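Throughout, read-outs are computed from the coordinates displayed, never taken from laboratory work. Computed from a predicted model, the values in this text were never measured in an experiment.
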Amino acid sequence: MSAIVCQDLCKTFEQGEQRIIGLDRVSLSIEAGELLCLSGPSGSGKTTLLNAMGGLDTPDSGSITLGGRRIDQLSRGALADLRLREIGFVFQAYNLIPVLSARENVEFVMQVQGLAPALRRERAAGVLTEVGLAGLEERRPAEMSGGQQQRVAVARAIASEPQLVLADEPTANLDSQSATQLMDLFQALNRNRNVTFVLATHDPRVMAYARRLVRMEDGRVIDDVAQQPSGRPSVGRPSVGRPSVGSEG
Amino acid sequence: MNITWRLAWRNLWRHWRRTWLTVGAMVFCNMLLIFLISVQLGSYQMMIDNSLGAFTGHLQLQHEGFDEEQRIRQSMPAVAERARQVQELLGAEAVAARGIAYALASSEERSFGIQVTGVEPEREPRVSTLPGLLREGRYLSGADGEIVVGALLARNLRVAPGDEITILGSGRDGSFAAAIATVVGIVDSGIPDLDRALAQVSLPWFQTVFSMGDHGHSVVVRLPNLEQVPLAVTTLQALRAEHPELVVLDWDQLQPGLRQAIRSDMASAWVMYGVLILLVAFSVLNTQLMSVLERTREFGVMLALGVSPGRLARLVGLETALLAALGLGLGVLLGALLALYLQQAGFTFPGMEEMNARFNLPERIYPPVTLASLLWGPLTVFLGALLAAVYPALRLFGLQPVAAMRAT
Ligand SMILES: Nc1ncnc2c1ncn2[C@@H]1O[C@H](COP(=O)(O)OP(=O)(O)OP(=O)(O)O)[C@@H](O)[C@H]1O
Ligand SMILES: [Mg+2]
């Protein structure tokens, strides 16, 4: 079954007199377990498409089906619930709660989801280890590097074990080494947990990891190719949570 | 501690100077309110005690209609016995019987209308402060033919202790009542109306002069405090089974103006307190609005993750409640210390001493520390602060996650 099916999505923005095209009849079908990259020049509609797929924004027309369920007509509240329970998000940067520690950031979302405290603690410790942050659980965001912060965000996104993770420019503020480590992490999660990843990016380092590359321009899909991920040699399976992934911390 | 509470608490200290300033404003306002309210309630207490203590007492037993009409025939039989009965029923010390008649008093030179009160000389000082306010001479000994008069009346009649006064009036049976009394003391209560008409004689002699038999007009009760009045009134209602012609009047019925005066004074005070509380509420509103606006991006991310606007609003509410609780706790603590000090040391403001001396009030107020005076103001400030958070919290419902995350 397809994880996401978009059909004829259109979205325009009004800015004063101007009408800006965000999405222009975008149709796209994404299978469960894919690691897909949306690329394209600035303003081509990557973020708009990602937001529509994640229920952050509603399209003007067209349909979006997530795991067999239409989401384009859902109410704000239902969309919030969908985002909370079924989708993991990683944004560009500065998306942690600054006054909470790494562990608390991860636990906070689980608390909102209504998980019992003991379960929250256990899972938070588990995912933080999985993203290579064991030992840094009590650090606040300001006490961590950009790469570490993004890994906390990833831990937060996967803590509730969603089948879909959407990431918008996750490496934009990272140095080359951190970006590579983050992508290694995505790749490992994608392989080990069969989580579907959709990433919007300009970053060639990110695209190198994609198994499918969707190129956009002016709100349209202009290219859609499968590729052999070349980010890291996929000899054997890189096991996550080992120092090879989180050595930086 | 729950993560939401931790989050709220830490958010409070992101701008610790701003938080302390807001808390400081609340603490100052709370202390001011505690001070003003306790002085205010203290002065009401004093006003009531003094005006009830002078003559009327906290409650009286009378013949129905006497309070309005003051007719000599509206009397109760065996008044002294009745007074002892009331004393027993209430277990109260300060109970006394009185008889009241209107008469013409003449000295050698002049005549004036007076209210002659027959009192039990050994009991009267317990229900009334007047016997203690003698300017000259002594109080009644209980012997026939003695009279104590108010200072203004003495001046009008031009009499001094030792002089004689002729009393002319009519008795209970309509007969002619006449007597000659010797002035033994002069009372200066500071209340002109009282001092102009006051004339006290002993009750047995009063009953003889005015052909009262064992009748009298009222049984006066003074209680330790106002709170005991309602219960005492209820207790005394039992007497009406045997004597349906009697009524129990409480201080509010005996001195109708008193409560009214206090009410209107309170109303104007509350307006001032309201303004004070409004100012503090606006300072909280300002703080919380700023704190919400500067976190737009952060709230945008939380909304994007699926946290509901309602939960974010509750977070802001919790932050405000913590802020307000700090103001409440510190304010009540410091305010209580201040109030306790004033309760011990007393309080006076310029001009108060002279004014109080004229009306026979104590020179200083010793405002009693009560739960009401400590909590009323600060709790209203607390509620005002919570209300002030409503607007900033409501703004969160209008936030769109995507737009909020784009905000700088
Ligand atoms: N809220 C908005 N109001 C007005 N115009 C918008 C809004 N959001 C997006 N747009 C416009 O829609 C178009 C697509 O924007 P989008 O953010 O999807 O591009 P993008 O591919 O993500 O670009 P970038 O690589 O710079 O992030 C752009 O022209 C953008 O200016
Ligand atoms: Mg974008």
Taking amide H atoms as placed 1.01 Å from N in the peptide plane, list the residues 5 or more away in sequence, or in a different chain, whose amide H sits under 5 Å from that of B:Gly118. B:Gly99, B:Ile100, B:Ala101, B:Val201
Residues with amide H under 5 Å of A:Arg212's amide H, sequence separation 5 or more or different chain, H placed in the peptide plane at 1.01 Å from N; which? A:Leu35, A:Cys37, A:Gln227
Helix-only [θ]222 nm of chain A, DSSP H runs n ≥ 4, -39500 (n - 2.57) each, per residue, nearest 500: -10000 deg cm²/dmol
Looks like chain A, by Cα gyration tensor root eigenvalues a ≥ b ≥ c and the a/c under 1.5 rounded cutoff (else prolate when a/b is bigger than b/c, oblate otherwise), is prolate
Measure out, as a whole number of angstrom, how far apart the alpha-carbon centroids of segment A:1-78 and segment B:167-219 sit. 101
Which number comes out as Rg/Rh for the protein assembly as shown once both Rg and the Kirkwood Rh are worked out on C-alpha atoms? 1.34
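Provide the three semi-axes, in whole Å and in decreasing order, of the ellipsoid equivalent to segment B:261-408 as defined by the square roots of 5 times the Cα gyration tensor eigenvalues.
On the way: eigenvalues 423, 41, 25 Å².
Output for segment B:261-408: semi-axes of 46, 14, 11 Å.
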For segment B:59-222, calculate the relative contact order in percent as a whole number, restricting contacts to Cα pairs under 8 Å that are 6 or more residues apart. 35
With bins 10 Å wide starting at 0, give me the P(r) of segment B:59-222 over every alpha carbon pair, in whole percents. 11, 42, 37, 10, 1
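Short version: what are the Cα gyration tensor semi-axes of chain B, square root of 5 times each eigenvalue, largest first, in whole Å?
Semi-axes from the Cα gyration tensor: 65, 22, 16 Å.
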Considering chain B as a Gaussian network with a 10 Å cut-off on Cα pairs, which listed residue, B:Phe397, B:Phe210, B:Phe347, attains the greatest mean-square fluctuation? B:Phe397
How are the alpha carbon pair distances in segment B:85-131 distributed across 10 Å bins from zero to the largest one, expressed in percent? 23, 37, 26, 10, 4
Taking H placed 1.01 Å from N in the peptide plane, check which residues at least 5 places from A:Gly132 or on another chain put their amide H under 5 Å from its amide H. A:Gly241
Please tell me the relative contact order of chain B in percent, rounded to the nearest whole number, where contacts are Cα pairs under 8 Å and at least six residues apart. 25
